[in-house]
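Here the structure comes first, spelled out in structure tokens, and everything after it is commentary.
The values are calculated or read from the model by the stated rules, or taken from the named source; none is laboratory data. Quick caveat: nothing in here was measured; it's all calculated off a predicted structure. Using ideal geometry, Cβ is built from the backbone for each residue, glycine included, and neighbour counts are taken over all protein chains shown. For the accessible areas, the whole protein counts, side chains as well, though only heavy atoms, and no ligand, DNA or RNA atoms are used. Shrake-Rupley method; radii C 1.70, N 1.55, O 1.52, S 1.80 Å.
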Amino acid sequence: MTRRVVIMGAAGRDFHDFNSVFRGDDEHEVVAFTQTFSQNIGELDEVPERTYPASLAGENYPDGIPILPESELETIVRERDVDEVVLSYSDLSHEYVMNQASRAISAGADFRLVGTRMMYEADIPVVAVDAVRTGCGKSQAARKLTSFLRERSDKEVVVVREPMPYGDLEKQRIQRFETLEDLERHDVTIEEREEYEHHIEQGHVVYAGVDYEEILTEVEKEADILLWDGGNNELPFYVPDVHFVLADPHRPGHELRYHPGEANLRIADYVVINKENTADEVDIQTIVDNVEATNPDAGIIHADSVITVEDEAAVRNARVLAVEDGPTLTHGGTSVGAASIAAEQFGASEIVDPRPHAVGSIAEVFGEYEHLGNVLPAMGYSKRQLAELEQSIANVDCDVVLAGTPIDLSKIVDVDTPIVRVRYEIEERGDLDFEAALEAHADVLGL
């Protein structure tokens with residue numbers, strides 16, 4: 001008997017779970033996706049009705065699959081006679097996960113999480129970089145590991161990034177980014193630009209999209225090693241040969257309280273405790289203790305996140321606006337970021353409060369995420385939201401805009417105030433570093 005399924009998601013892991021587990025499976029019929037638009041896609045009134053297209057869904061779905069608001073889950077379960085609800089998105093507290101389970105069960109359906117079954121096997125070695133929460137510093141680690149592998153061997157290394165398909169799903173089926181012009185050609189959001197631009201600047205080719213089986217086929221044509229750069233605290237989409245998972249001592253204990261971050265912690269080959277140079281020793285030790293209790297075979301790499309700015313003199317004694325990476329502040333749950341740390345480190349006189357000057361959806365973000373203080377999240381999931389971000393920045397009376405996002409903010413907003421870019425790089429401390437970790441797996445990586 002065919003089981004009727006709803007997949008709960010946020011435009012990413014949900015599509016991957018469908019493609020890898022349910023597509024072509026005659027024992028299950030996916031009758032709808034639901035999406036929580038506030039996590040990754042923006043406000044619901046900004047998002048048109050969407051359908052997962054038939055060209056991606058396969059022959060069992062000639063009309064595609066509807067994508068509906070998560071807020072209507074109970075009604076969807078009852079009206080569509082759903083047997084099973086699958087939760088397929090990330091960086092969720094364990095309590096939130098069980099809240100969704102309770103919603104599904106009370107509406108009459110079973111509840112399920114897809115595990116490592118969704119990982120594809122690659123014919124080339126896979127080095128995976130993931131985390132226990134959003135904002136631990138995956139980008140720094142992925143960037144450094146990719147550069148190291150390229151510099152220390154004759155191997156071609158290609159980065160594959162966890163999906164962020166917020167636009168036309170058919171056009172985004174397979175995306176390849178090699179130049180900054182590719183970002184414009186694919187009309188990416190700020191969040192996508194934050195994940196691709198820093199790799200492109202260092203000469204790394206990046207793939208992303210919707211269908212990660214087809215992406216793997218393309219990557220294997222040009223790469224000797226695949227570097228998986230995970231999103232949020234998501235599991236890798238490919239079976240890793242070496243798996244690095246980052247943890248954040250500014251949020252000690254979160255490594256055991258969020259899904260699927262705890263799963264990442266438990267299957268990691270190496271746990272990288274980042275940002276130790278700005279953390280308390282007791283919080284670092286908390287993570288060490290939790291790793292040793294849950295995954296005693298994992299190697300622990302201690303690391304600093306080293307922050308620099310392009311113009312220190314412009315920051316010193318200045319009144320600054322701190323613009324931070326959006327997802328790290330919002331569903332990552334942090335209250336400060338690289339720009340705030342740089343403002344203190346390089347002697348700014350004041351971090352100006354942006355909240356009274358925010359407009360539109362940017363003001364709504366402050367209302368939704370009450371933990372935010374004197375920082376401005378760089379939200380830009382639509383052209384309207386990007387314009388509201390630009391206006392919010394322009395409204396602030398300050399000497400300098402400190403941009404703590406991984407991108408060159410000056411390329412996407414036009415304001416009169418000078419923008420100073422903050423950069424951050426990971427630097428390991430101690431004998432166990434990335435080089436030693438990769439060397440321990442030299443045979444499987446072909447180094």
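If you wrap a convex hull around the alpha carbons of the stretch 342-395, what volume per residue comes out, as a whole number of Å³?
Roughly 88 Å³ of hull volume per residue.
Of the beta bridges DSSP finds with both residues in the chain, what % are antiparallel, to the nearest 5?
Rounded to the nearest five, the antiparallel share is 25 percent.
What does DSSP give for the stretch 118-237 in terms of the percent of beta bridges that are antiparallel, rounded to the nearest 5? Don't skip to the answer; put the middle values down first.
Numbers: 4 of 15 bridges.
The answer is about 25 percent antiparallel.
Which whole-number percent gives the relative contact order of the stretch 295-358, counting Cα pairs below 8 Å spaced six or more residues apart? Working shown, then result.
Working: 54 pairs, mean separation 25.4, N = 64.
Result for the stretch 295-358 is 40 percent.
With an 8 Å Cα cut-off and a minimum separation of 6 or more residues, compute the relative contact order for the stretch 34-189 in percent.
So the answer I get is 17 percent.
Give me the base-10 log of I(q)/I(0) for the stretch 294-343 at each q in 0.19, 0.20, 0.22, 0.29 Å⁻¹, Debye formula, one uniform scatterer per Cα, rounded to two decimals.
Log10 of I(q)/I(0), two decimals: -0.79, -0.83, -0.90, -1.10.
Taking one equal scatterer on every alpha-carbon of the stretch 139-192, how large is log10 of I(q)/I(0) by Debye at q = 0.18, 0.21, 0.30 1/Å?
Evaluating at q = 0.18, 0.21, 0.30 Å⁻¹ gives log10 I(q)/I(0) of -0.73, -0.90, -1.25.
Which whole number of Å³ per residue matches the convex hull of the alpha-carbon atoms in the chain? All intermediate terms of the calculation are to be shown ahead of the outcome.
Details: hull volume 63.2 nm³, N = 447.
Considering the Cα atoms of the chain, their hull volume per residue is 141 Å³.
Sort 117-130, 309-322 by the packing proxy (mean of other Cβ within 10 Å over each peptide's residues), most packed first.
Highest to lowest by the protection proxy: 117-130, 309-322.
Which whole-Hz ³J(HN,Hα) couplings does the stretch 222-227 yield from phi under the Karplus relation 6.51 cos²θ - 1.76 cosθ + 1.60, θ = phi - 60°, glycine and proline marked x?
Running phi through 6.51 cos²θ - 1.76 cosθ + 1.60 with θ = phi - 60° gives 10, 10, 9, 9, 9, 9 Hz.
Assuming 0.692 mPa s and 37 °C, estimate D for the stretch 151-296 with Stokes-Einstein, Rh taken as the Kirkwood radius over Cα pairs, in µm²/s.
195 µm²/s
Express in nm, to one decimal, how much length is gained between residue 156 and residue 117 on full extension, taking 0.36 nm for each residue of separation and deducting their alpha carbon distance.
Stretched fully, the residue 156-residue 117 segment lengthens by 11.3 nm.
Counting only protein heavy atoms, what percent of the accessible surface of the chain is carbon or sulfur at a 1.4 Å probe? It would help to have the intermediate numbers written out before the result.
Values: 7560 of 17460 Å².
Result for the chain: 43 percent of the exposed heavy-atom area is carbon or sulfur.
Where nothing but the Cβ of Lys and Arg (+1) and of Asp and Glu (-1) is charged, how large is the charge dipole of the stretch 86-213 around its Cα centre, in debye to the nearest 20?
Computed charge dipole of the stretch 86-213: roughly 480 debye.
Computed on alpha carbon atoms, what radius of gyration and Dmax characterise the stretch 145-225, expressed in Å?
Rg, Dmax (Cα atoms, Å): 12.4, 38.
Subtract the Cα-Cα distance of residue 95 and residue 408 from 0.36 nm times their separation in residues, and report this length gain in nm to one decimal.
Using 0.36 nm per residue and subtracting the Cα-Cα distance, I get 109.0 nm.
For the stretch 103-167, what's the radius of gyration and Dmax over Cα atoms, in angstrom?
17.4, 56
Do you know the relative contact order of the chain, to the nearest whole percent, from alpha carbon pairs under 8 angstrom that are 6+ apart?
Taking the mean separation of contacting Cα pairs over the length of the chain, I get 15 percent.
With only alpha-carbon atoms counted, please give the Rg and Dmax of the stretch 328-433, in Å.
When restricted to the Cα atoms of the stretch 328-433, Rg and Dmax are 14.6, 49 Å.
Which entries in the list 171/275; 138/171; 155/383; 221/383; 275/383; 171/411 go over 31 Å, if you measure between the two C-alpha atoms of each?
Violating the 31 Å limit, Cα to Cα: 171/275; 155/383; 221/383; 275/383.
Please give the per residue accessible area of the chain, computed with a probe of 1.4 Å over protein heavy atoms only, in Å².
So the chain comes to 39 Å² accessible per residue, rounded to a whole number.
What fraction of the Cα pairs in the stretch 195-244, stated in percent, has a spacing above 15 angstrom?
Of all Cα-Cα pairs in the stretch 195-244, 52 percent lie more than 15 Å apart.
Would you calculate a helix-derived [θ] at 222 nm for the chain, using -39,500 (n - 2.57) for each DSSP H run of n ≥ 4 and dividing by the full residue count, to the nearest 500?
The per-residue figure over the chain is -9000 deg cm²/dmol.
Of 202, 172, 140, which has the largest mean-square fluctuation in a 10 Å C-alpha GNM of the chain?
Judging by the Gaussian network model, the answer is 202.
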